[in-house]
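Notes follow the structure.
The values are calculated or read from the model by the stated rules, or taken from the named source; none is laboratory data. Please read all numbers here as calculations on a predicted model, not as lab measurements. Every residue, glycine as well, gets a Cβ built from its backbone with ideal geometry; the counts of neighbours run over all protein chains shown. These accessible areas exclude ligands, DNA and RNA; they are computed on the full protein's heavy atoms, side chains included. Shrake-Rupley method; radii C 1.70, N 1.55, O 1.52, S 1.80 Å.
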Amino acid sequence: MSEVYRLLGGPGSPYSHKVRAVLRYRHLPHRWIVPLGAFRGTGALGEGTEIAGAGKRQVPVIQFPDGSYHSDSTPIIDELEKSHPGQRPVVPDDEGTAFLARLIEEAADEWLPLPMFDYRWNEEADRAFCPRRQMAGWLGAVPEAELGEAAAAFLSRQETLREILGGTAENRPLLQSTYDELLGYMEAHLATQLFLFGSRPSIADFGLYGQLSQYSVDPTTSNLMKKKAVRLFQWVQLMDDASGIDGEWSAADAPLSTGVRGLLKLAGEVALPMLQAAADAHQAGKDFHPMVAEIRGHGFKTIARPYQAHTLLWLKQRYATLDRDTRARIEPALAESGCLPWLTLREGEAEATPSYGMA
């Protein structure tokens with residue numbers, strides 16, 4: 001077992017669980033490591049540990065067999081696709097299907113943390129459980145006084161961040177309604193099919209799983225999932241280790257599944273408008289400034305984050321490279337879901353698109 005990946009992750013990090021699940025499914029030898037003491041509730045992530053030594057300040061961080069360290073979950077997954085071609089890939093063979101899967105994955109990555117963050121740091125049961133749970137994971141065996149102090153500091157930090165990211169009373173109905181819709185779409189989907197694009201999991205399934213790995217643990221969102229979507233709750237347990245799953249992709253011309261149609265609708269009506277607002281702010285030189293995204297008739301107030309702009313620009317670039325026949329085949333679904341208007345490069349966006357790759 002000479003080529004072993006080392007994955008440094010966090011107990012409450014959906015992106016860490018997403019990459020770990022891909023490594024498990026693809027049968028790629030790896031070690032899962034939570035560097036104890038890498039986070040103490042305040043300050044920079046990784047101080048005094050291997051994460052900082054690798055020059056990173058976020059998880060997951062993966063060390064490749066050649067010794068190099070990398071971050072950013074989606075480019076990591078793509079790099080693994082290149083490094084291990086044909087070994088249980090998670091990107092569908094058909095270019096059109098692959099684009100739809102990537103669109104859903106990016107929408108999950110960028111929108112679903114927002115409802116999760118609001119539930120996690122607003123609801124009383126979550127405020128009591130979540131900081132202690134995560135600090136216990138980061139610190140290991142420590143006395144109660146040390147755990148309590150770290151949990152209190154973490155809660156205070158996250159409360160401030162929640163407000164910045166849009167977790168406000170004004171935005172809360174929109175945030176919570178999208179989680180409820182997701183539960184409905186996926187529970188209906190799982191009555192007939194285990195995965196989104198066939199009988200095997202795709203990058204879209206893993207992106208969704210990463211976020212739901214936390215929704216299924218946090219008290220309020222977990223209770224809602226158990227009450228309204230028990231199939232989905234069990235699917236999350238399955239996706240944690242899908243190493244025993246074999247299967248096939250759906251045919252390129254097969255009707256889209258219930259889950260895909262529902263998730264595309266959430267992408268087109270909710271996630272992509274937010275990403276476009278971030279891209280517009282990026283073009284205007286207003287990264288990290290307050291912004292308002294018009295979502296379903298609601299002015300969603302949040303902060304403009306440049307990475308969200310980048311993700312939309314990368315999606316637009318991918319869409320632009322699809323051949324005419326592929327685009328013609330998937331455009332009806334993109335139009336019906338509301339995604340299509342957000343996928344055309346606007347003036348200056350091509351030039352502003354950064355290179356895609358691992359950090």
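Points to keep in mind about this one:
- Scope region 237-249; condition over 30 Å from S222 (Cβ atoms) and open to solvent by less than 80 Å² (accessible area, probe 1.4 Å); matching residues: W249
- Tallying residues that are under 15 Å from L340 (Cβ atoms) and open to solvent by 20 Å² or more (accessible area, probe 1.4 Å) within region 250-265 yields 3.
- Members of region 283-317 that are without any contact (Cβ under 8 Å) to a residue 12 or more places away in the chain and in a strand (DSSP E or B): G299
- Here P143 meets the list (1) within 28 Å of A293 (Cβ to Cβ); (2) surrounded by fewer than 18 Cβ atoms within 10 Å (Cβ to Cβ); (3) of a type outside the set (A, V, I, L, M) almost entirely, failing just condition (1).
- Cross-chain or 6+ apart pairs with Cβ under 6 Å, region 326-347 first and under 14 Å from P255 (Cα atoms), then open to solvent by 10 Å² or more (accessible area, probe 1.4 Å): A333/L256; L334/L340
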